[in-house]
Each structure stands twice: as C-alpha cells, then as structure tokens.
1. Loop-only GluC sites (Glu not before Pro) in region 1-93, please: DSSP not H, G, I, E or B, and at most 16 other Cβ atoms within 10 Å.
2. Of all the accessible heavy-atom surface of region 30-122, with the other protein chains kept in place and a 1.4 Å probe, what percent is carbon and sulfur?
3. From a point 7 Å beyond the Cα of THR31 in the direction of its Cβ, which residues of region 1-15 have a backbone N at a distance under 18 Å?
4. Roughly speaking, what is the stretch gain from SER71 to LYS105, that is 0.36 nm per residue apart minus the C-alpha to C-alpha distance, in nm to one decimal?
5. Based on C-alpha coordinates, I'd like the Rg and Dmax of the chain, in Å.
6. Once the other residues with Cβ under 11 Å from the Cβ of ASN84 are scored (Lys, Arg +1; Asp, Glu -1), what is the net sum?
7. Pairs on different chains or at least eight residues apart, Cα atoms closer than 25 Å: how many lysine pairs in the chain fit?
8. Give me the mean projected area, in nm² to one decimal, of the convex hull enclosing the Cα positions of region 39-88.
Amino acid sequence: QVQLVESGGGLVPAGGSLRLSCAASRRTFDTYNMAWFRQAPGKEREFVGAIRWNGGSASYADSVKGRFTISRDNAKNTGDLQMNRLKPEDTAVYYCTADLVNDGKRSTYKYWGQGTQVTVSS
C-alpha cells in the first residue's frame, strides 16, 4: 500500500509558476513509477507526465511539454511537478499517482493522491 499526498496547489496568474509536491508513505517508493494527471471541471482526467522509478525517461503530454518538469527524490520519497508559464487552461485538480508497472499515459496507476487544486487566472 502506498499513500500519496499532494501539496503546493493554489491560485496563480497566467504566466506564473507553481511547484507541486507529492509525498509517498512507503519507503520502497523508489521502486514505483510515478505520474501526474489532472482533471478540469466537466472534462475527463488527463495525463500530464510520468517519470520512471529510477528518475529517468520522463514523458509529458504535448499540452505541457516544455513548460512542466517532473522530478523525484527517492531518498525523501517525494516527487515534484514544476509548472512554468501557466495558462488558464491548466486550471484543474492535479493528482499524483504511482504504480509498479505502469509508466506511461494510461490512467491505470494503482495508487492515487487526493488531488490539489491549481487555478490559473487570466
């Protein structure tokens, strides 16, 4: 069992930056692939980006590529999502996820956090 807790959401003007963090409860977090998803009101959940258990091979949705960066610190059991040049369309609840096998854009990650709200004002 892995418990994930996101933090760092908030209200930011367009063009601004936010850094989301994900804290994992399990000391073997370094064996889990991690990903971020988001869901805007009235829309389906959307893949944002993923990073493999060893911190390599990060992948991103086209809509955030070049603006968002995923990183992780396995020594601290944490993962981050740095979001730059934010746009109003980035407004959503952002979820941290983890899975032993899945490392891509499918939403079948086994463990999910409760989500953190990001609102970008125009």
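1. Those satisfying the criteria are GLU44.
2. Of all accessible area on region 30-122, carbon and sulfur atoms account for 48 percent.
3. Hits in region 1-15 for THR31 at 18 Å: 1-4.
4. 10.6 nm
5. Both quantities, over Cα of the chain: 13.2, 41 Å.
6. Values: positive: ARG19, ARG67, ARG85, LYS87; negative: ASP90.
Neighbour charge sum, excluding ASN84 itself: +3.
7. Within the chain, the lysine pair count is 10.
8. 4.2 nm²
The values are calculated or read from the model by the stated rules, or taken from the named source; none is laboratory data. None of these values were measured; they are calculated from a predicted model. Backbone-built Cβ (ideal geometry, glycine too); neighbour counts: all protein chains shown. We work out accessible area using only protein heavy atoms, side chains counted, and drop any ligands, DNA or RNA first. Shrake-Rupley method; radii C 1.70, N 1.55, O 1.52, S 1.80 Å.
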